[in-house]
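> So that we are looking at the same thing, I have put the structure below in structure tokens.
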Amino acid sequence: MASELRPTRGRPSKIDLLPDSVRDTLHQMLREKRHTQEEIREAINELIDSHDLPEGMKLSRTGLNRYASRMEEFGAKIRASREMAEIWAAKLGSAPTSDVGKLLLEFVKTLAFETSMSMAESEQTVEPKALGQLALVAQRLEAAAMASHKREKEIRQAFAEEAAAQAEKITKQAGLSAETAADIKRQILGIA
């Protein structure tokens with residue numbers, strides 16, 4: 001009885017047992033969406049025949065449909081998360097080094113907020129352990145945000161120093177006075 005309640009990995013499906021080349025072809029055909037499932041099933045079953053696999057390895061309509069549905073659901077989640085990441089990254093700033101970090105911080109903050117709101121709205125008492133975990137999440141989020149901000153600042157400063165050094169070199173080569181070169185350098189470093 002206890003073993004029935006535990007989730008198990010289960011046995012591998014026919015598709016899991018296919019050779020990599022056949023499975024890759026299946027995935028490619030499913031992604032392209034140029035073929036019907038029946039055309040895909042026929043093509044994959046022909047590949048199975050050409051690889052001299054047992055007759056029992058051939059795909060059934062329901063098995064392929066079930067697999068295609070799972071793959072599409074998974075693909076839809078990936079596409080949605082990529083679109084969301086692009087939208088949030090654009091909204092949170094254009095620094096490419098920190099887009100993903102900012103997005104993840106905002107995502108976890110939102111999850112923590114929604115979790116705390118649902119805990120507050122429920123009529124059950126909130127476990128002290130859950131409150132402690134939420135407090136720990138908040139603390140870690142703030143520390144991560146501070147570290148990210150510090151790192152961005154260091155990157156900007158390093159870039160400004162490189163740009164200032166290059167500008168100073170170019171102005172001296174162009175025959176400008178040392179005072180003018182130093183002034184340009186100070187202005188560039190003032191930006192960082």
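> For region 7-28, enumerate the residues that are open to solvent by less than 80 Å² (accessible area, probe 1.4 Å) and under 16 Å from R66 (Cβ atoms).
G10, P12, S13, I15, L18, R23, L26, H27, listed by residue number.
> Would you pick out the residues in region 44-91 that are surrounded by 15 or more Cβ atoms within 10 Å (Cβ to Cβ) and either within 16 Å of R23 (Cβ to Cβ) or touching a strand residue (DSSP E or B) at 6+ places or on another chain (Cβ under 8 Å) (or both)?
I44, N45, L47, I48, L53, M57, K58, L59, L64, Y67, A68, M71
> Restricting the search to region 135-168, which residues are more than 27 Å from R186 (Cα to Cα) and not aliphatic (A, V, I, L, M)?
Q139, R140, E142
> Identify, please: which residue in region 149-166 is of a type in the set (D, E) and either open to solvent by 100 Å² or more (accessible area, probe 1.4 Å) or modelled with pLDDT of 85 or more (or both) and is, among those, farthest from the chain's Cα centre (by Cα)?
Among those residues, the one meeting the criterion is E162.
> From L176, L141, which residue is surrounded by 14 or more Cβ atoms within 10 Å (Cβ to Cβ) and part of a loop (DSSP other than H, G, I, E, B)?
Just one listed residue meets the conditions, L176.
The values are calculated or read from the model by the stated rules, or taken from the named source; none is laboratory data. In this text the structure is predicted, and so the values were computed from the model without any measurement. Here the Cβ is made from the backbone with ideal geometry for all residues, glycine too, and neighbour counts use every protein chain on show. When the accessible area is computed, the model is the full protein with side chains, heavy atoms only, and any ligands, DNA or RNA have been set aside. Shrake-Rupley method; radii C 1.70, N 1.55, O 1.52, S 1.80 Å.
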